[in-house]
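A short worksheet on the structure shown next.
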Amino acid sequence: MPYFVLLFKVLIFCVIAIATRGTLPRYRFDQFTQLNWKHFIYIWIGFLIFNIFFTVFFL
């Protein structure tokens, strides 16, 4: 029985991986770095501010 559960989990993971790879666009390295600096840097700064706020006020 545990082997069937493992097999089912692996099968689900494979289906998700194949579907994700097939539907999302493939970025070149220069496109990824441009996307990184234009959009993700704001998310990272917000997460950093959140972590500082959480550390100062709750720990």
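Miscellaneous remarks
- Val10 assigned to a helix (DSSP H, G or I), surrounded by 10 or more Cβ atoms within 10 Å (Cβ to Cβ), among the aliphatic types (A, V, I, L, M) and without any contact (Cβ under 8 Å) to a residue 60 or more places away in the chain: yes
- From Ile16, Ile43, residue being surrounded by 10 or more Cβ atoms within 10 Å (Cβ to Cβ), of a type in the set (Val, Ile, Thr), in a helix (DSSP H, G or I) and out of contact with any Leu (no Cβ under 8 Å at 6 or more places or on another chain): Ile16
- Per this entry, Thr33 is not counted among residues that are surrounded by fewer than 10 Cβ atoms within 10 Å (Cβ to Cβ), under 18 Å from the mean Cα position of the chain (by Cα), assigned to a helix (DSSP H, G or I) and of a type in the set (Val, Ile, Thr).
Each reported figure results from applying straightforward, stated rules to the coordinates on display, with no laboratory input. Computed from a predicted structure; not experimentally measured. Positions of Cβ are backbone-derived with ideal geometry, glycine not excepted, and every protein chain shown enters the neighbour counts.
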